[in-house]
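Below you'll find the structure, written out as structure tokens, and then a few comments.
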Amino acid sequence: MSDATAAPILTGLGLGIALAGAPGPVQAILLAEALRGGARRGFRAMAGANLMLGALLVAVALGVSIAVPGDPLLRILKVVGGAFIIFLGVDGFRNASQPTLQSSQQPGLQAPQQQRNRELPPAARGALAVILNPPAWLFLATAASSLMVSATQVGGTPTALLAALALLAGVAAGDGTLVLASGLGLRRANAEVGRALRRVLSVVLAVLGISLVASAFVTLSA
């Protein structure tokens, strides 16, 4: 592999690590899921988010054009995405007093099966966190699209696909570190500390969602 071909792949890896390290709704949701049910639940949410992002990146690498969302669509994304984050925050706060998945696996403790069956699966939460995230679409339409164009010019579609996979690998490395650290921290924390952390993060999610919805209406009034 020549240096020219390797450049967009390495750029994609670095871009993915930077993207995962930037605080945002997706990272907050992954953290909330890991605190709620341990690393296993957090990794399931991460799988949903990364698979959805990976599918979008592969589409861009194959030549699918993603335009920067216009004002009407951006406002819709902000309202729907914000409402989804508020829902997760309220749901997390309501269930903060319930035992975590790790705790419920201990003898004598079992989370209600009916409640687990009714809730939105972690993988679906992760996937929706990407689809309904306005910054994710802006990233795909700008930085990701620019990278794929450069990679295609250097080495064609195969290089663009490798750059997309490298970007996804960078995101997965950063998200995986966050989820693993959160899950291990939850395992070491006592039950009361775990409940308090889940309540605080649920409030943070609700505030993020409210601010996202409010920004849509502020833009509209302006």
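Take LEU73 and tell me if it is surrounded by fewer than 15 Cβ atoms within 10 Å (Cβ to Cβ), assigned to a helix (DSSP H, G or I) and hydrophobic (A, V, I, L, M, F, W, C). Criteria met by LEU73. Within the option set ALA18, ALA6, ALA47, being over 24 Å from ALA206 (Cα atoms), among the small types (Gly, Ala, Ser), in a helix (DSSP H, G or I) and touching a residue at least 60 places away in the same chain (Cβ under 8 Å) holds for one residue only, ALA18. GLY183: crowded, with 19+ Cβ neighbours inside 10 Å, part of a helix (DSSP H, G or I), among the small types (Gly, Ala, Ser) and at pLDDT below 85, yes or no? In short, yes.
Quick check on my filter: what residues within the range 55-75 are among the β-branched types (Val, Ile, Thr) and free of Cβ contacts under 8 Å to residues at least 40 places away in the same chain? Before the answer, list the steps.
Within the range 55-75, the first condition is being among the β-branched types (Val, Ile, Thr), and the residues that meet it are 58, 60, 64, 66, 68.
Listed by number, the list holds a single entry, VAL64.
The residues on offer are VAL68, VAL80, and the sole one that is aliphatic (A, V, I, L, M) and either in contact with a Pro (Cβ under 6 Å, 6 or more places away or on another chain) or at pLDDT 90 or above (or both) is VAL80.
Residue by residue, here is whether (1) out of contact with any Gly (no Cβ under 9 Å at 6 or more places or on another chain); (2) buried (at least 18 other Cβ atoms within 10 Å of the Cβ); (3) modelled with pLDDT of 95 or more holds:
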position	(1), (2), (3)
ASP3	yes, no, no
ALA20	no, yes, no
PRO25	no, yes, no
ASN50	no, yes, yes
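The values are calculated or read from the model by the stated rules, or taken from the named source; none is laboratory data. All values derive from a computational prediction rather than experimental measurement. All Cβ positions, even for glycine, are placed from backbone atoms using ideal geometry, and neighbour counts span all protein chains on display.
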